[in-house]
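To start, the structure itself, in structure tokens.
Any read-out appearing in this document is the output of simple, stated calculations on the displayed coordinates, not a laboratory observation. The shown structure was predicted, so the numbers you read here are calculated from the model rather than taken from an experiment. Don't worry about glycine lacking a Cβ; one is built from the backbone with ideal geometry, like all the others, and counts go over all protein chains shown.
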Amino acid sequence: MQALLQAAALSPALVPASIPSPGWSGFDIPLPWGNLRIHAYALCILAGIVVGLWLTSVRWAKRGAPEGSVWDIVIWAIPFGIIGGRLYHVVSSPDAYFGPNFDGTGDLSLIPQIQRGGLGIWGAVVLGAIGAWIGCRRSGVKLSAFVDAAAPGLLLAQAIGRWGNYFNQELFGGPTTLPWGLQIDPNNPNFPAGMPADTLFHPTFLYESLWNLAGVLVLLALDRRFHFRRSRLFWLYAMYYTLGRVWIELLRIDDAEQISLFGVTTRLNVWTSIFVFLAALAAFILLGFKGRPEPDSVYLPSHEPAAEPARVPDPGTVTNVRAPDTVVSDSGSRGNLPDNHSGSRHASDPTEEAEAAPAGAKPGPDATAAGHSGSTATGPAPEAGTGK
């Protein structure tokens, strides 16, 4: 009993009351001309791309897409998406690059340094979709079919990629006393000025990661039940993601562009999420009126694979065709079969003596008896109407 009381007294100290700040953010690879820094943020983004691409390729293959076409598409979509995501981040958080109020005090050299963090999802989706459209046109498949296959994988990639914000100690929420509060290194440049060093913050990266993982399961379950087509699953993804992004974005305290609309001033990402949600809802409803496409194919018109022509045998080729069996007559061929009981000729076969008999001669009684006695007969037998 005493041991249980001691364990209970120590348990609060064993259970962490917060999420610790990361003590690792990457590693260096030594090279002859210096070190190559591999950032944890980039590794998280890469891991998200790999896992999301795996799920997309599995779903794309099940739709009957041409083999290898997914790679022809993503080779355009991924670079376009990264560029678009970076451009959106620069526009939505311009102070570091252009200075406050675009006063020129920013550092433009930071724009291409993606390893420092900063990719806006909506810029990535828009330019990534343009890249995917190019790849789809080159592969002869429908963009609407591809984005339906890619929607759950895209959400899965975002769930994994969000952990890059944790390793960069960025994009966290306001102060909190919840037991899952996030610790931020006070010496980190992202630590809010004027706050105590032991302040805990909302782990918005974790909220969004969990929200996205739940969304993957939701999208897969709904698609399995309703088999969405015409890009409706993609618009469902957009609605789900923005629904969570609004409340998560409102928790964040990092610097962002503020926009005033309808008398309300809030972050640009909040307004973007609201408008994208409404647009996605309208597209989802309107596309639902069209019903399922007929035929339900991933190929663009006139790009369907040609059906294999029927194989015509070469006239000069000799084919092994079995000839039909000939009809066996009682008086001809069947009579040549040996008798199963004695090995002699069939009782219905005329003997040489019978064949030699003059025309019109009638067989004697002995011959008649021989016809019924089978192999014991020594004389000629007449031809019987039926054999036994």
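Distances between placed amide hydrogens fall under 5 Å for LEU182 paired with ILE19, PHE201, HIS202, all partners being 5 or more residues away or on another chain. For the stretch 119-158, the square roots of the Cα gyration tensor eigenvalues, ordered a ≥ b ≥ c, give a/c of at least 1.5 with a/b no greater than b/c, which places it in the oblate category. Here the Karplus relation 6.51 cos²θ - 1.76 cosθ + 1.60, evaluated at θ = phi - 60°, turns the backbone of the stretch 187-197 into coupling constants of 7, 6, x, 7, 5, x, 5, x, 9, x, 5 Hz, with x for every Gly and Pro. Stretching the chain fully between PHE289 and VAL126 yields a gain of 56.2 nm (0.36 nm per residue, less the alpha carbon separation).
Remark: the stretch 149-164, residue by residue, has Karplus-estimated 3J(HN,Hα) of 5, 8, 4, x, x, 5, 5, 5, 4, 5, 4, 7, x, 4, 5, x Hz, where x stands for each Gly or Pro and the curve is 6.51 cos²θ - 1.76 cosθ + 1.60 at θ = phi - 60°.
List ASP254, ASP103, ASP223 from most exposed to least, where exposure is judged by having the fewest other Cβ atoms within 10 Å.
Working: ASP254 14, ASP103 9, ASP223 19.
Arranged by neighbour count, lowest to highest, ASP254, ASP103, ASP223 become ASP103, ASP254, ASP223.
To make sure I understand, if each residue's beta carbon is the centre and we count other beta carbons within 10 Å, what order do PHE98, PHE289, PHE228 fall in, fewest to most?
Numbers: PHE98 17, PHE289 6, PHE228 21.
So the residues, fewest neighbours to most, are PHE289, PHE98, PHE228.
Two decimals, Cα atoms only, Kirkwood Rh: what is Rg/Rh over the stretch 16-288? Dividing the radius of gyration by the Kirkwood radius yields 0.98. For the stretch 248-286 and the stretch 166-220, write down the distance between their C-alpha centroids in whole Å. Using only Cα atoms to place each centre, the spacing works out to 20 Å. For LEU250 and ASN190, the difference between the fully extended length at 0.36 nm per residue and the C-alpha to C-alpha distance is 19.8 nm.
Database remark: amide H of ARG252 closer than 5 angstrom to no amide H (H placed geometrically; neighbours at sequence offset of 5 or more, or on other chains; Pro and chain starts carry no H). With the Cα gyration tensor of the stretch 12-131 giving a ≥ b ≥ c as the square roots of its eigenvalues, does the rule (a/c under 1.5 for rounded; else a/b larger than b/c for prolate; else oblate) give rounded, prolate or oblate? Oblate shape, in that a/c is at least 1.5 and b/c is the bigger or equal ratio.
Arrange HIS227, HIS202 by Cβ neighbour counts within 10 Å, fewest through most, would you? Kindly include the intermediate steps, with their values, before the conclusion.
On the way: HIS227 12, HIS202 20.
Ranked by crowding around the Cβ, least crowded first: HIS227, HIS202.
Listed values for the stretch 199-205 are Karplus-derived 3J(HN,Hα) couplings in whole Hz (6.51 cos²θ - 1.76 cosθ + 1.60, θ = phi - 60°), namely 5, 9, 10, 5, x, 4, 4, and x replaces Gly and Pro.
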